[in-house]
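Structure first, commentary second.
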Amino acid sequence: MLSPTEARKFFGDEDPMGKTMTVVGNRDYTVTGILARDDYDTIFPLTALASYASAESDPGIRQMLDNWYSSIYTSYTFALLEEDTALEDVQARIRGLLPVHYAEYDGNRLDDLIVQPLKDISLGIQMGNEIGTVLPRESSWFLLTLAAIILLTACFNYVGLTVSRSLKRARKVGVRKVFGAVRSQISSQFLFETVVISSGSVLIALLLLQWLVPAFNAFSFVSQTDLALRLDWTGDPGLYGVFALFTLTVAMIAGIYPALFLSRYRPAAAVKGLAGIGGGSGSRLRKGLVVVQFSISLVFLIAAIVMVRQARFMQQGDYGFQADNVINVRLFDVPFDRFRDRISRSAHVAGVSGLSVIPATGSRSDVWVSLPGASDDEAVKGYQFAIDPALVENLGLTILAGANVEAGATFEDTHQVLVNETLLARLRLGAPVEAIGETFILGDSTRVVIAGVLKDFHADDLSNEISPNVFFHQPEMLSWANVRLVPGQLDAGMEDIRAAWTAMGHPRSVDMAEFDVQLKENFINLITRDMYRLIGFIAFLAVTIACLGLLGIASFNVENRTREVSIRKVLGADVGTLVLLLSREFAILIGVASLIALPLAWMLANSWLQGFAYRISPGVGTMGLGLLILLCIAATAIGSQTLRAALANPIDHLHDE
């Protein structure tokens, strides 16, 4: 059965029913049905489906399916349980299969078999050998936490601004109470106002969401994992109920305190204008909210700066080999020797080598290595690479001792390998010179001989330590060709690669990429870049919200002290003194926020950096840069109001006194 898109791809406008198509392994399959649509919400993409009986009829697949140890990594079993079946009982019986079907395999490292409900695959716990692309629970909680922090910051801002402006509404509250309004009625009015504001905000947010979704889907952790966010406003009516509940929740969080605060005024004091917020709980709340908002803003700012520095460090890192001017070409089923002989004729090519897995780009081939006679617990996990002997020179690798693998002999003939320094250290084989000629076990039982020792280089991204690496000459395993071009001849060399590939008559288009670009855009580098973009955007929102709140509070503070400022100016106070007087309270609050945020930001940054084997050190410069940015923004917000008051003409405010 084919999806509609796959059917059109292979058969065009013809009726595909009953047609025969050849798939991998030269097996013929008959099309018996077409799926209704392409976009089923499934863990794995439904592009082509074949019956289990068809799979069993293939001798190779049947042999794999009959082998428990092999099939467990390449197949999945779905079980429909009877009603009221205890999942724990099923889990216990599944685990009982381990000693029965896996104990006889030497070196078996299958730790567990886990039963997982279908609805828990996505947003579930992270597992090994996942069935498809899923969003881990930790990622969703991380995004939800960021959203909650920004939302609470905005709520705090609303509370602070509402309380700060309370004097403007005090007389109105007093008059209403004189005419018989009770506190519950006044509280309800203010809560209703908050609900209206919250509802309007949700509508604006939904419009902004349409604009932001493409940017979110452009993140690497979304685009490369097929987890794109798709908005369907008609497919889930319950979504509108969630929006309504969300609106009311936000309104209650933001509005409950201002409603209670504003409804408590005593009528006589309110009518006389004596219900100000110069002291008491309102003042303490306002100051506390300023501290909280600026602490959050500073933490996010420093986090964004740390992530940017770490991303640049990784993109500019030295991997220990020469990747410049190298084009990696995927060979598919083309023999390496055939491609090498053809592309070597180009005058723009300086060298050609081959290997099975491109290092430091996210792909790897794991292997266990151990000394003869060692137990399974003493085995060490590393990476294995099939290479062409020209790789050493072509990528500028350094042989510390011994010699390169032989070009005229394969691994099956000699069992000779190259290893790196880390493997010697992990297996305790001594210095490079001492290790030449020594043997160790590769995989389950293959005894290999060390022909040479390479200087360590990064076969993985810079978030991981250098692992033990093993290199052997096995031409049939070479999946990539590394074409080193003459410096300055990149475009001409790539054109020669396209021409050579076309001349070989392969049905696929050439798949090639610049090695240094691949290194910069490996998955961990892209994820790190996404992280600092996301955190940077959050920091922008947090700082903007905090400064808008500070601007409003500063404006109201200046407004309340306009008469005082005018009198001081008449008595001889200069502009600098007045600005300092009006800004002193905010400077103290920002100072307190800095004392709270700097240690917290440093701890969070170091905790995040522990996930990278090679990392920057977030020192005083990083902390100081974040603090300086925040101080400049805050000074602009506060200074714009205090300077306006200090420069005002006293007559404008005192002529009615």
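Bear in mind that the values in this text are calculations on the coordinates, not laboratory data. Given the structure is predicted, the values throughout are model-derived calculations rather than measurements. Ideal geometry is used to build each Cβ from the backbone, glycine not excepted, and the neighbour counts take in all protein chains shown.
Spatially, segment 564-599 and segment 11-59 are offset by 74 Å when compared through their Cα centroids.
Contact order for segment 333-510, expressed relative to its length and based on alpha carbon pairs under 8 Å spaced 6+ residues apart, stands at 34 percent.
Just need the relative contact order of the chain here, percent rounded to a whole number, with Cα pairs under 8 Å and 6+ apart.
Numbers: 868 pairs, mean separation 103.7, N = 657.
Computed value for the chain: 16 percent relative contact order.
So, by mean Cβ neighbours within 10 angstrom, what's the order for 4-13, 290-299, 355-364 with the highest one leading? Provide the component values of the computation, followed by the final result.
Values: 4-13: 13.4, 290-299: 24.7, 355-364: 19.9.
Top to bottom by mean Cβ count within 10 Å: 290-299, 355-364, 4-13.
Have a look at the DSSP beta bridges in the chain and tell me what percent are antiparallel, nearest 5. Can you show the working numbers first?
Numbers: 35 of 46 bridges.
Antiparallel: roughly 75 percent of the beta bridges in the chain.
Ordering 617, 179, 233 by Cα displacement along the dipole of the chain toward the positive end leaves 179 in first place; charges were set at the Cβ atoms of Lys, Arg (+1) and Asp, Glu (-1). For 608, 141, the sequence from fewest to most other C-beta atoms within 10 Å is 141, 608.
Report the full-extension gain for the segment residue 185 to residue 537: residue separation times 0.36 nm, less the Cα-Cα distance, to one decimal in nm.
On the way: separation 352, 0.36 × 352 = 126.72 nm, distance 4.03 nm.
Answer, rounded to one decimal: 122.7 nm.
The simple Förster model, with R0 at 45 Å and r as the Cβ-Cβ distance, assigns residue 114 and residue 625 a FRET efficiency of 0.50. Extension gain, residue 71 to residue 260: 0.36 nm times the residue separation minus the Cα-Cα distance gives 61.5 nm.
Go ahead and run the numbers for FRET between residue 192 and residue 315, Cβ-Cβ distance against an R0 of 41 Å, rounding to 0.05. All intermediate terms of the calculation are to be shown ahead of the outcome.
Working: r = 52 Å, r/R0 = 1.28.
E(calc), rounded to 0.05, equals 0.20.
Annotation for residue 495 and residue 324: the two label points, set 7 Å from Cα along the Cα-Cβ direction, are 2.4 nm apart. Extending 7 Å from the Cα toward the beta-carbon at both residue 544 and residue 97 defines two label points whose distance is 5.2 nm.
Nearest 20 debye, what's the magnitude of the dipole of the chain about its Cα centre given +1 on Lys and Arg Cβ and -1 on Asp and Glu Cβ? Working shown, then result.
On the way: 52 positive and 65 negative charges, 1094 e Å.
Rounded to the nearest 20 debye, it is 5260 debye.
Between 17, 1, 51, the Cα set farthest toward the positive side of the dipole of segment 1-76 (charges on each charged residue's Cβ, about the Cα centre) is that of 51.
Could you work out how much longer the chain between residue 428 and residue 49 gets when fully extended? Use 0.36 nm per residue separation minus the Cα distance between them, nm to one decimal. Don't jump to the answer; show the numbers that get you there.
Working: separation 379, 0.36 × 379 = 136.44 nm, distance 4.99 nm.
Here the segment from residue 428 to residue 49 would lengthen by 131.5 nm.
When you count, for each residue, the other Cβ atoms within 10 Å and take the mean per peptide, how do 616-628, 481-493 rank with the highest first?
Details: 616-628: 15.6, 481-493: 17.7.
Result, highest mean first: 481-493, 616-628.
From the P(r) of the chain, can you give the percent of Cα pairs sitting at distances over 32 Å? The proportion of pairs with Cα distances above 32 Å equals 68 percent.
Using Cα atoms only, what is the angle between the long axis of helix 490-503 and the major principal axis of the chain, expressed in degrees (0 to 90) to the nearest 10? Once rounded, the angle reads 50 degrees.
What does the C-alpha gyration tensor say about the overall shape of segment 418-537? Classify as rounded when a/c is under 1.5, otherwise prolate if a/b is larger than b/c, or oblate.
Values: a/c = 2.39, a/b = 1.34, b/c = 1.79.
Verdict is oblate for segment 418-537.
Sorting 146-155, 39-48 by their mean Cβ neighbour count within 10 Å, with the most densely packed peptide first, gives 146-155, 39-48. Of the residues 509, 430, 391, the one whose Cα sits farthest toward the positive end of the charge dipole of segment 333-510, with +1 on the Cβ of Lys and Arg and -1 on the Cβ of Asp and Glu, is 509. Counting only alpha carbon atoms, the long axis of helix 280-315 and the longest principal axis of the chain meet at about 20°. With each label modelled as a point 7 angstrom along the Cα→C-beta vector, the residue 512-residue 574 pair spans 7.1 nm. Only lysine pairs 8 or more places apart, or on different chains, with alpha-carbon atoms under 18 angstrom apart are counted in the chain, and they number 5. When the alpha-carbon atoms of segment 333-510 are used, the pair Rg, Dmax equals 17.4, 54 angstrom.
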